Amino acid sequence: MTHQLRPQPGIMDIALYQGGASKADGFDEVLKLSSNENPFGPSPRAVAAFRDTAATLHRYPSTDHAGLRAAIAEVHGLDPARIICGAGSDEVITFLCQTYAGLGDEVIHTEHGFAMYRISALAAGATPVEVAERDRVVDVDLILGAVTDRTRLIFIANPANPTGTMIPLSEVERLADALPPHVLLVLDGAYAEYAPGYDGGAALIEARETVVMTRTFSKLYGLGGLRIGWGYGPAHVIDALNRVRGPFNLSQTQQDAAMAAVRDRAYADFCLLQNAEQRARLRGALAQLGFPSDESFANFLLIHFADQACAEAAEAFLRARGILVRKVAGYKLPAHLRITVGRPEDCDRVIAAVSDFAEVTR
């Protein structure tokens, strides 16, 4: 008998998320620069905390994440009661769509925005609305022009992925102040730490009831494999999100490793300094070879090529050298490649390979 089961509206419109490649034919080990991971790995203190949980794996974890929320609040000067933790910031994005969007509602994201905004909106039954960017930069006026009575959420990443660009805090504030009171503005700060002097939007949230930010331990803190993220917002938003959050969504291993990571400021500062230095060096070297990029405020560069064929040829050339980078045609950037900023020796290897590519394509 043929089944009559039907997924909820929107589910079958979701294209499966594609992560960065991690393998290349002919190589046992590759230089993976396709997923914006911290090339130095996690803090040794985080690794030690991870190991220390091994003997207590039979115990259920803390359900309120009080220790982790306190550590985050301590480092960032926030109210721990207004922090929510999730399995990566992806889960917090899912909570936001589950809680505030549904059938008949609209969720705005920008042209080159993170794929999970659209996916989470569709999964909640809402309609994703894509807004153009200007030269790969979020445009506040274009977003405001797309707001309707049905708009419930607006997602912007600042700095953005996969472009690396960002808008000033004054523009974010202008957007927040111009929105009607039925719209929640979500500031995705996965790369916020890499932008000097930027608080991810925390100050805006303190003064408003309709702004929330998401953050992650996957980038700067090198804990992508553990899936730990968090959000910060008005008390009424966090209270609502906690009602859809599963009670055991983070293991104690995740919580303890994240607490150790966020408190190891010396290691975080080392990683930030290395990224800034190598990002500038890599950007300058590739531009000299004829492959420019926009100024990046993250831990990667979006490299510009003459056309899609050239970008694909470069990706294949690098892959043949055991270097994996990210094709971003799925983000409507077919003539670009995203390259994570690696260690000094990693950047040397990328520069040498791109130099050879430039020679053979002249």
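The values are calculated or read from the model by the stated rules, or taken from the named source; none is laboratory data. As the structure is a computational prediction, the values presented were derived from the model and not from experiment. We place every Cβ from the backbone using ideal geometry, glycine too, and count neighbours over all the protein chains shown.
Structure above, values below:
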{"read-out": "Those residues of segment 118-146 which are in a loop (DSSP other than H, G, I, E, B) and closer than 17 Å to residue 164 by Cα, in sequence order", "value": "132, 133, 135, 136, 138, 139"}
{"read-out": "Hits in segment 37-75 - residues which are touching a strand residue (DSSP E or B) at 6+ places or on another chain (Cβ under 7 Å) and small (Gly, Ala, Ser)", "value": "73"}
{"read-out": "From 94, 56, 110, residue being among the β-branched types (Val, Ile, Thr), touching a residue at least 40 places away in the same chain (Cβ under 8 Å), assigned by TED's automatic domain parsing to the domain that holds residue 193 and surrounded by 15 or more Cβ atoms within 10 Å (Cβ to Cβ)", "value": "110"}
{"read-out": "Residue, surrounded by the most Cβ atoms within 10 Å (Cβ to Cβ), within segment 321-338, restricted to residues that are among the hydrophobic types (A, V, I, L, M, F, W, C) and either assigned by TED's automatic domain parsing to the domain that holds residue 132 or free of Cβ contacts under 8 Å to residues at least 60 places away in the same chain (or both)", "value": "337"}
{"read-out": "Candidates 201, 189 - the one that is under 12 Å from the mean Cα position of the chain (by Cα), buried (at least 17 other Cβ atoms within 10 Å of the Cβ) and either within 24 Å of residue 81 (Cβ to Cβ) or outside the structural domain of residue 77 (by TED's automatic domain parsing) (or both)", "value": "189"}
{"read-out": "Boolean, residue 181 is within 28 Å of residue 341 (Cα to Cα), part of a loop (DSSP other than H, G, I, E, B) and either out of contact with any Lys or Arg (no Cβ under 7 Å at 6 or more places or on another chain) or at pLDDT below 95 (or both)", "value": "no"}
{"read-out": "Tally of residues being touching a Pro at 6+ places or on another chain (Cβ under 9 Å) and among the small types (Gly, Ala, Ser) across segment 157-177", "value": "0"}
{"read-out": "Helices (runs of 4 or more DSSP H) wholly inside segment 214-311 containing at least 1 residues that are surrounded by 14 or more Cβ atoms within 10 Å (Cβ to Cβ), assigned by TED's automatic domain parsing to the domain that holds residue 68 and more than 22 Å from the chain's Cα centre (by Cα)", "value": "235-242, 252-263"}
{"read-out": "Conditions (1) under 15 Å from residue 189 (Cβ atoms); (2) at pLDDT below 95: number failed by residue 86", "value": "(2)"}
{"read-out": "Only one of 7, 44, 39 that is over 18 Å from the mean Cα position of the chain (by Cα) and at pLDDT 95 or above", "value": "44"}
{"read-out": "Verdict on residue 121 being within 30 Å of residue 264 (Cα to Cα), of a type outside the set (Asp, Glu) and either surrounded by fewer than 23 Cβ atoms within 10 Å (Cβ to Cβ) or touching a Pro at 6+ places or on another chain (Cβ under 8 Å) (or both)", "value": "no"}
{"read-out": "Unmet criterion (only one of (1) free of Cβ contacts under 8 Å to residues at least 40 places away in the same chain; (2) surrounded by 17 or more Cβ atoms within 10 Å (Cβ to Cβ); (3) under 20 Å from the mean Cα position of the chain (by Cα); (4) part of a loop (DSSP other than H, G, I, E, B)) for residue 208", "value": "(3)"}
{"read-out": "Subset tally (residues that are out of contact with any Lys or Arg (no Cβ under 9 Å at 6 or more places or on another chain) and acidic (Asp, Glu)) for segment 279-322", "value": "1"}
{"read-out": "Of all residues making up segment 116-140, the number that are out of contact with any strand residue (DSSP E or B) (no Cβ under 9 Å at 6 or more places or on another chain) and acidic (Asp, Glu)", "value": "1"}
{"read-out": "Qualifying residue in segment 134-151 (condition: in contact with a helix residue (DSSP H, G or I) (Cβ under 6 Å, 6 or more places away or on another chain) and among the small types (Gly, Ala, Ser))", "value": "no"}
{"read-out": "Selection count, segment 323-349, where residues are modelled with pLDDT of 95 or more and in contact with a Lys or Arg (Cβ under 9 Å, 6 or more places away or on another chain)", "value": "18"}
{"read-out": "So residue 62, is it small (Gly, Ala, Ser) and either within 28 Å of residue 345 (Cβ to Cβ) or more than 21 Å from the chain's Cα centre (by Cα) (or both)", "value": "yes"}
{"read-out": "Some residue of segment 4-27 being outside the structural domain of residue 272 (by TED's automatic domain parsing), touching a Leu at 6+ places or on another chain (Cβ under 9 Å) and under 27 Å from residue 274 (Cα atoms)", "value": "no"}
